[in-house]
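Trainee: Please read through the structure below; I'll follow up with questions.
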Amino acid sequence: MRLSLRKPDDWHLHVRDGAALNAVVRHTARQFQRAVIMPNLVPPVVTVDQALAYRERVLAAANSGGAQFEPLMTLYLTEKTSVEDIRRAAGEATIIGAKLYPAGATTNSDAGVTSLAAIDDVLAVMEEEQFPLLVHGEVTASHVDVFDRESNFVSGVLDPLLRTRPMLRVVVEHVTTRDAVNFVRSAGDSVAATITPQHLLFDRNHLLVGGVKPHLYCLPVLKRASDREALIEAATSGESSFFLGTDSAPHARSTKENACGCAGCFSAPVAMELYAEAFDRAGAMDKLEAFASEYGARFYGRPLNTQNITLEKSPWTVPDVYPFGKETIVPLAAGETLAWRCVDHE
Ligand code: DOR
Ligand code: ZN
């Protein structure tokens, strides 16, 4: 069986820089027309000039083989971010928003924000300019259980923020809980959420039962089966506030299979295949195209893509590793047999 879809976009992606960038971005360009490129490099992408320079490097790495991939850049918010840079970014068509990392929440978030009060001037300008705030929604206080960090952020940070700034456009990135899904539903048209393939396909039992699986470790961490059910229901509901964002986050095999393994699932080579798996299992293949190719563009006010991709239902086995500079990288679902395959290229 074959299914033709409008070419999708990935509204949340990490591609790193240098050799890693060259190794991973082609996987995304194979399936997606556009992707929102996360700014958590070392050092982070904090200014418009840095974002535009990074965009050139992403373009060069992605399109050397003739692809027409379009990176959409983000700024990394710090407590030193200036309102001038935000105003300038809002006027740049290739910069799509600014990313809020609570300091210490995840990979390369040390330069992030310790309290929203510290960036209130910037948030005011973002609300005025309708320049989207992309949120890593987890509190970081050490006494808060890692499985509760998203729910606490939603009730304790996001809800008060939107009461103060009701016109702010917010994307709650990689939602993982029923609480976050319910919040997004209740929040109106200016609030949306991305959903990753790992949070649709796996829960914390997959991560922890029968041995720890480092390649399923990401942040926010996988939650309960009941949370996963809420995510599947949201993704396949046809509600336009939920759309595709893989959060594909490449880390070399040696840093994942490690006594202190890095957070991040590398899903780029199998992204549409995994979403198709999740939607097919839910009996909702008819909802995949809008989730993958329409709702995100609509939220960000971008045109729909005009090309198509083809998914074919024919079993194949995901490779164990891919090259990653001088190292290797293990994709999500490595060695597993998947039902769907994206067949246009390669
Ligand atoms: O698992 C994750 N990995 N979550 C994040 O928020 C960041 C990402 C990364 O950059 O590796
Ligand atoms: Zn991310």
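Trainee: Can we say residue 273 is within 16 Å of ligand 1 (Cβ to nearest atom) and of a type in the set (D, E, K, R)? Talk me through it step by step, then tell me what you get.
Mentor: On the way: within 16 Å of ligand 1 (Cβ to nearest atom): no; of a type in the set (D, E, K, R): yes.
No; evaluated as a whole, the condition is false for this residue.
Trainee: Select from region 183-199 the residues that are surrounded by fewer than 21 Cβ atoms within 10 Å (Cβ to Cβ), modelled with pLDDT of 95 or more and either of a type outside the set (D, E, K, R) or more than 21 Å from residue 132 (Cα to Cα) (or both) and list them in ascending order.
Mentor: Step one: of region 183-199, the residues surrounded by fewer than 21 Cβ atoms within 10 Å (Cβ to Cβ) are 185-190.
Among the residues that remain, those that are also modelled with pLDDT of 95 or more are: 185-187, 189-190.
The answer is 186, 187, 190.
Trainee: Six or more apart or on different chains, Cβ under 7 Å: which pairs go from a residue in region 1-26 that's closer than 20 Å to residue 196 by Cβ and away from ligand 2 (no atom under 16 Å from the Cβ) to one that's part of a helix (DSSP H, G or I) and of a type in the set (S, T, N, Q)? Could you list them?
Mentor: 5/293; 7/293; 8/31; 8/293
Trainee: Write out, first by first residue and then by second, each pair whose Cβ atoms fall under 7 Å of each other, whose residues are 6+ apart or on separate chains, and whose first residue, in region 304-325, is of a type in the set (Lys, Arg) while the second is in a loop (DSSP other than H, G, I, E, B).
Mentor: What qualifies is 313/1.
Trainee: For region 193-254, give me every one of the helices (runs of 4 or more DSSP H) that falls completely inside it and has 2 or more residues that are in contact with a His (Cβ under 7 Å, 6 or more places away or on another chain) and either away from ligand 1 (no atom under 16 Å from the Cβ) or over 28 Å from residue 20 (Cβ atoms) (or both).
Mentor: 225-235
Trainee: For residue 259, indicate whether it is hydrophobic (A, V, I, L, M, F, W, C), more than 16 Å from ligand 1 (Cβ to nearest atom) and in a loop (DSSP other than H, G, I, E, B).
Mentor: When the stated conditions are applied, residue 259 passes them.
Trainee: Hey, could you check region 104-118 for residues that are under 23 Å from the mean Cα position of the chain (by Cα) and among the aliphatic types (A, V, I, L, M) and say which is nearest to ligand 2 (Cβ to nearest atom)?
Mentor: Within region 104-118, the match that is nearest to ligand 2 (Cβ to nearest atom) is 105.
Matching residues to (1) among the small types (Gly, Ala, Ser); (2) surrounded by fewer than 19 Cβ atoms within 10 Å (Cβ to Cβ):
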site: 11; (1), (2): no, no
site: 14; (1), (2): no, no
site: 24; (1), (2): no, no
site: 35; (1), (2): yes, no
site: 42; (1), (2): no, yes
site: 52; (1), (2): no, yes
site: 61; (1), (2): yes, no
site: 67; (1), (2): yes, yes
site: 80; (1), (2): no, yes
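Trainee: If you don't mind, another one. Of everything in region 87-110, what is touching a residue at least 40 places away in the same chain (Cβ under 8 Å), within 21 Å of residue 35 (Cβ to Cβ) and of a type in the set (Gly, Ala, Ser)? Give them in sequence order.
Mentor: Scanning region 87-110 gives 89, 90, 97, 109.
Trainee: Output the residues belonging to region 109-139 that are buried (at least 17 other Cβ atoms within 10 Å of the Cβ), within 16 Å of ligand 1 (Cβ to nearest atom) and not β-branched (Val, Ile, Thr).
Mentor: 109, 111, 112, 133, 134, 136, 137, 138 - these are the residues of region 109-139 that are buried (at least 17 other Cβ atoms within 10 Å of the Cβ), within 16 Å of ligand 1 (Cβ to nearest atom) and not β-branched (Val, Ile, Thr).
Trainee: Moving on. Testing residue 317 on (1) within 25 Å of residue 71 (Cα to Cα); (2) touching a Ser or Thr at 6+ places or on another chain (Cβ under 8 Å); (3) polar (S, T, N, Q), one condition comes back false. Which one is that?
Mentor: (1)
Trainee: Test each condition in (1) within 16 Å of ligand 1 (Cβ to nearest atom); (2) in a helix (DSSP H, G or I) for residue 75 and report the one that comes out false.
Mentor: Condition (2) is where residue 75 drops out.
The values are calculated or read from the model by the stated rules, or taken from the named source; none is laboratory data. Predicted model, so just to flag it, every value in this text is computed and none were measured. A quick note on method: Cβ atoms are made from the backbone with ideal geometry, for glycine too, and the neighbour counts reach across all protein chains shown.
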